[in-house]
């Protein structure tokens with residue numbers, strides 16, 4: 001399943017939904033729809049309504065409208081989603097068209113929707129540094145060798161979880177910076193709370209994967225890291241995520257042990273500038289989760305960035321920096337493509 005957050009065309013409200021064929025299904029309103037539908041069918045057959053669809057303490061009015069709200073109470077709503085899947089499997093295209101024409105509040109044509117980041121304000125965002133090729137290439141550009149401590153454990157920093165952007169949102173770099181760069185990454189969305197999570201159990205805590213563009217003001221970053229802390233102002237102005245969170249079932253067949261094979265690409269103004277694969281991680285997804293949760297609790301909605309894939313930035317390739325008006329597109333198999341324009 002591919003989850004997303006869209007802006008309601010009338011109110012602008014950010015609402016959670018998921019992709020079904022070429023339609024967005026509004027999470028909250030579709031739950032109302034299926035509960036009402038099954039209740040009507042039960043009454044027609046003189047069968048007591050099955051309350052198992054929702055917890056006894058829940059009411060239709062309490063269904064969450066955000067993806068984070070769903071992640072925090074997944075077990076409550078999974079029966080409803082299963083009932084919806086069963087219902088929709090029998091629908092022909094004509095029925096979907098009727099729903100669109102009738103302006104049913106729980107279904108929206110994908111092409112008519114404006115997407116936000118799937119989790120516009122995640123509880124936290126840790127960004128790792130887990131692709132050896134990227135680290136080696138970037139250090140080589142600065143005349144540096146690999147630091148042997150890098151191989152001891154996966155390292156990360158906390159980025160600004162309050163500056164998340166979605167697909168097609170303009171990116172404004174700091175006014176004091178001139179060295180603008182993108183970073184091609186994958187984000188791991190935590191779906192299950194855990195502390196001291198083992199590598200063997202780590203995938204059980206993954207809700208899904210999304211695309212991450214960890215924008216970098218390289219000149220500011222270079223000054224900050226000399227101090228021994230950071231990056232801070234070189235990173236905290238924007239991180240773009242989306243367009244979807246692809247759940248485990250979308251890429252389960254690409255798992256090879258602890259690694260996942262998904263092709264990654266980046267384009268600037270239509271020209272391909274980066275290629276790589278998620279399976280090139282030196283530290284696997286389970287290792288990143290184990291490290292992040294060591295003596296620390298991870299919560300539903302927390303995001304762990306993998307760090308940049310090899311060749312996934314301009315810095316490591318010695319290419320010209322981004323400039324105002326540039327269009328950057330990141331693509332990852334089974335997730336989609338994420339477009340951004342640099343603000344003029």
Notebook entry, point to check: What's the percent breakdown of Cα-Cα distances in the chain across 20 Å bins, shortest bin first?
Noted result: 30, 54, 15, 1
Notebook entry, point to check: How many angstrom separate the Cα center of the range 170-194 from the Cα center of the range 246-267?
Noted result: 20 Å
Next item on the list: Indicate the gyration tensor shape class of the range 194-344 (rounded, prolate or oblate), computed on the Cα atoms with a ≥ b ≥ c the square roots of the eigenvalues: a/c under 1.5 is rounded; otherwise a/b larger than b/c is prolate and the rest oblate.
Entry: oblate
Margin query: To test your reading of the geometry: what angle, between 0 and 90 degrees and rounded to tens, separates the Cα axis of helix 27-44 from the longest principal axis of the chain?
Written below: 20 degrees
Note to self: Using 5 Å bins from zero, what percent of all Cα-Cα pairs in the range 184-277 falls into each bin?
What the structure shows: 3, 11, 16, 17, 17, 16, 13, 7, 1
Notebook entry, point to check: Where a ≥ b ≥ c are the square roots of the eigenvalues of the C-alpha gyration tensor, would you call the range 268-343 rounded, which needs a/c under 1.5, or, failing that, prolate if a/b is larger than b/c, or oblate?
Noted result: prolate
Check: Based on the inverse mean of 1/r over its pairs of different Cα atoms, what is the Kirkwood hydrodynamic radius of the range 103-245, in Å?
Finding: 17.3 Å
Notebook entry, point to check: Under the rule of -39500 (n - 2.57) per DSSP H run of 4 or more residues, summed and divided by the residues of the chain, what mean residue ellipticity at 222 nm is obtained, to the nearest 500 deg cm²/dmol?
Noted result: -6500 deg cm²/dmol
Margin query: If I fit a long axis through the Cα atoms of helix 74-88 and take the longest principal axis of the Cα atoms of the chain, what angle between them do I get, 0 to 90°, rounded to 10?
Written below: 70 degrees
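Every number in this text was worked out from the coordinates using simple rules, so none of it is lab data. What you see is a predicted model, and the numbers here were worked out from it, not measured in a lab.
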